[in-house]
Structure formats: C-alpha cells, structure tokens
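Asks: Attaching a single structure in structure tokens format; questions to follow.
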Amino acid sequence: MNILSYIDALIIKIESIYFKILCRVVNVSGNLTGFKSTIDPINYILINKPVARNFSIVIQGPIGDESLLVLKRLINQYSEIVGIGNLVISASFISKKTKNYLELKNIKHVEVAADPKGPKNILVQSRSILEGIKLCKTDLVVRTRLDQFVSDWSFIDTYAELILDNKVMSGGYTLTNPIFHVGDMFQFGRKSLLKDIWGNISNENLVEDIRSQMHVATKDYSYMDAGELYFGLAIAKYFNLEITKLNYLKLLSDHMIIVSNQDIGMQWAKYNTLSDFKKLNLEKSRDSIGHIKWTGLINNKIFKNEKN
C-alpha cells in the first residue's frame with residue numbers, strides 16, 4: 001500500500017469512527033432519519049479476491065454529500081480488486097463535493113439527469129446504469145449499487161468462462177413466482193450483453209412494451225412495476241423468449257447464473273444480512289432461487305413439476 005492509499009484509508013477510518021459516535025447520539029434522540037446509509041451494519045472487508053482482474057466495476061448511485069463516505073469505503077475496497085482505472089461511478093445525481101473527489105482521484109464517472117417520465121423512475125436508474133457500462137474499457141463488467149457491498153468475489157474466477165459464453169450472472173431476489181422476477185441488484189456479464197439488456201430498459205417505447213407484458217408474468221398487482229420484472233422481461237426480450245413458465249426456466253438454466261445476496265457475501269445498507277435473509281426466505285409467498293437451487297435447476301434435479 002503506497003502512502004496516499006494509506007492516508008485515504010486512515011481518513012476513511014476516522015470518518016467512520018465519527019459517524020459511529022454520531023449514530024449513538026442520534027440513536028439516543030430516537031430520530032434516525034437521514035442517517036440510515038451511514039449507520040447500518042456493513043463491514044467493508046473483502047472475504048475473497050479474484051485472481052483475474054481484467055474486469056470493470058460499475059457503482060451506481062445517486063450520490064449526495066451524505067453518501068460520499070459510503071462511496072469512499074466502496075472505492076477503497078473495490079480498487080484493491082480492479083484498480084482505480086477500472087472503477088466507474090454512475091448516477092442520476094452526483095453532488096459537487098462528490099464530483100470534486102472523483103476528479104481528484106481520476107475516477108471515471110457519469111451523471112444522467114433525472115427524467116420524470118417512465119413508471120416508478122425506472123428510466124432514470126436504467127439510463128444511469130447504461131451510461132456507466134458504456135464507460136467501461138473491459139469486456140467483462142460487474143454492476144453493483146452504492147448501498148450494497150459485495151465481499152466475496154470468488155465468482156469471477158469460477159464463472160468467467162460461462163460469462164464469456166454470453167451468460168449473465170444476476171443477484172438479488174430471483175423468484176419462482178411471479179415468473180421472470182429476476183434479481184436486479186447485481187450483474188456480472190459481458191459489456192455488450194449488459195448494454196443491450198439495460199438498453200432495453202432505457203428505451204421509453206420498449207419499457208412500455210415490457211410493462212404491457214407484466215400481466216402475463218403475474219396476476220398479483222403488488223408486483224406490478226417491480227424493477228426485477230422489468231429486468232427479467234428485458235432479458236427475455238434480448239433472447240427472444242415468449243413469456244411462459246417453461247421459457248422462464250429456460251432463461252434461468254440456459255442463459256443465466258443465479259446467486260442470492262448471501263452467495264456473494266453482499267451486505268445491504270437497508271438490512272443487515274440476518275434480517276435480509278429472514279425477509280426473503282421466511283415469507284412463504286416469495287419462493288426464492290439462490291445458487292444451490294439454481295444448480296439443481298440446470299441439473300434437472302428440481303422444478304420437475306414446473307417443466308412438465
């Protein structure tokens with residue numbers, strides 16, 4: 001570690017201690033509003049680093065001044081994996097203070113102004129993701145979020161060959177019901193493939209076309225306009241798959257690699273890992289697909305009833 005990296009790490013540590021003290025004061029007052037992103041229990045330590053380093057990491061925002069400390073922590077860890085040159089920051093909003101920091105560190109970044117059009121702001125987020133992917137200089141890209149930290153990167157060495165064969169890895173909440181509800185929090189794929197998928201969700205006309213198919217995927221209106229459905233249906237469009245249960249299983253088994261948050265050591269600022277696990281797995285109505293279940297799917301060990 002050179003002297004500048006050491007100083008950066010020390011500053012981040014001091015800031016972290018400050019916010020922990022602030023957290024205690026705020027906690028006593030009973031008002032946590034505005035401090036959630038800094039006080040949630042995320043341990044910014046990498047469990048496994050990959051041998052391969054020839055990929056880019058896109059961190060997607062938005063990023064205000066209050067989120068800069070979180071961003072610094074992510075940059076500090078992720079730069080150990082791919083270096084500063086292969087980090088990209090993309091957001092619908094980046095504060096002036098954050099821009100100054102990114103320019104000082106010579107980190108690629110792009111801001112896509114918010115557009116009120118489109119259901120549930122989906123166009124805003126997808127367009128910022130797309131522009132971030134475009135800035136990547138490598139064939140392989142990992143897309144993550146500002147409010148999440150991926151600690152186990154062993155998936156890079158394990159699955160790089162399958163990714164080069166035009167599969168896409170997806171993390172988050174992938175469900176068996178509704179169909180095409182594919183986790184959209186995290187992706188690992190070829191730059192060209194991710195550009196096309198997020199390009200489908202960034203096009204206003206295509207988004208409306210995707211939205212029109214949601215009633216085929218589910219009759220449960222509580223899932224309508226879920227980001228995961230937009231993502232899953234956009235991938236289906238890319239691979240020219242009609243919206244049927246059989247094609248959903250084909251999509252997952254033939255074109256994707258599915259992981260849960262726990263499979264990649266993802267910590268989420270909104271939940272600690274325990275409550276996140278309970279939220280996803282203890283609600284009977286949300287039958288989730290993690291990596292073990294996905295492995296069973298591709299080996300024809302489970303989901304036999306769904307395939308028949």
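The values are calculated or read from the model by the stated rules, or taken from the named source; none is laboratory data. Quantities reported herein were computed from a predicted structural model and do not represent experimental measurements. Note that each Cβ is placed from the backbone with ideal geometry, even for glycine, and that neighbours are counted across all protein chains shown.
Asks: Out of 145, 127, which single residue is assigned by TED's automatic domain parsing to the domain that holds residue 294, within 19 Å of residue 82 (Cα to Cα), of a type outside the set (Val, Ile, Thr) and buried (at least 19 other Cβ atoms within 10 Å of the Cβ)?
Replies: 145
Asks: Shifting gears a bit: Of the residues that sit in the stretch 131-156 and are of a type in the set (Ser, Thr, Tyr) and over 19 Å from residue 70 (Cβ atoms), which one is nearest to the chain's Cα centre (by Cα)? Step through it out loud before you land on a result.
Replies: The first filter runs over the stretch 131-156 and keeps only residues of a type in the set (Ser, Thr, Tyr), leaving 138, 144, 151, 154.
From the residues that got through so far, the ones that are over 19 Å from residue 70 (Cβ atoms) too are 138, 154.
Working: 138: 18, 154: 17 Å.
Taking the candidates together, the pick is 154.
Asks: Of all residues in the stretch 212-236, how many are buried (at least 18 other Cβ atoms within 10 Å of the Cβ) and not acidic (Asp, Glu)?
Replies: First, the residues of the stretch 212-236 that are buried (at least 18 other Cβ atoms within 10 Å of the Cβ): 214, 217-218, 226-236.
Pick out the ones that are also not acidic (Asp, Glu) and you get 214, 217-218, 226-227, 229-236.
The number of residues fulfilling the criteria is 13.
Asks: Of the residues in the stretch 84-104, how many are part of a loop (DSSP other than H, G, I, E, B) and modelled with pLDDT of 95 or more?
Replies: Here is the first cut: in the stretch 84-104, the ones part of a loop (DSSP other than H, G, I, E, B) are 92-93, 95.
Checking which are modelled with pLDDT of 95 or more leaves us with none.
Qualifying residue count, the stretch 84-104: 0.
Asks: Test residue 195 against the criterion of being surrounded by fewer than 17 Cβ atoms within 10 Å (Cβ to Cβ) and either modelled with pLDDT of 85 or more or farther than 27 Å from residue 59 by Cα (or both), and give yes or no.
Replies: Spelling it out, it is not the case that residue 195 is surrounded by fewer than 17 Cβ atoms within 10 Å (Cβ to Cβ) and either modelled with pLDDT of 85 or more or farther than 27 Å from residue 59 by Cα (or both).
Asks: Residues in the stretch 96-116: is at least one in contact with a Lys or Arg (Cβ under 6 Å, 6 or more places away or on another chain), surrounded by fewer than 16 Cβ atoms within 10 Å (Cβ to Cβ) and farther than 21 Å from residue 268 by Cβ?
Replies: no
Asks: Identify, please: which residue in the stretch 157-213 is more than 15 Å from the chain's Cα centre (by Cα) and of a type in the set (Gly, Ala, Ser) and is, among those, farthest from residue 133 (Cα to Cα)?
Replies: 212
Asks: Quick check on residue 73: is it touching a strand residue (DSSP E or B) at 6+ places or on another chain (Cβ under 9 Å), at pLDDT below 95, farther than 30 Å from residue 212 by Cβ and charged (D, E, K, R)?
Replies: The answer is yes for residue 73.
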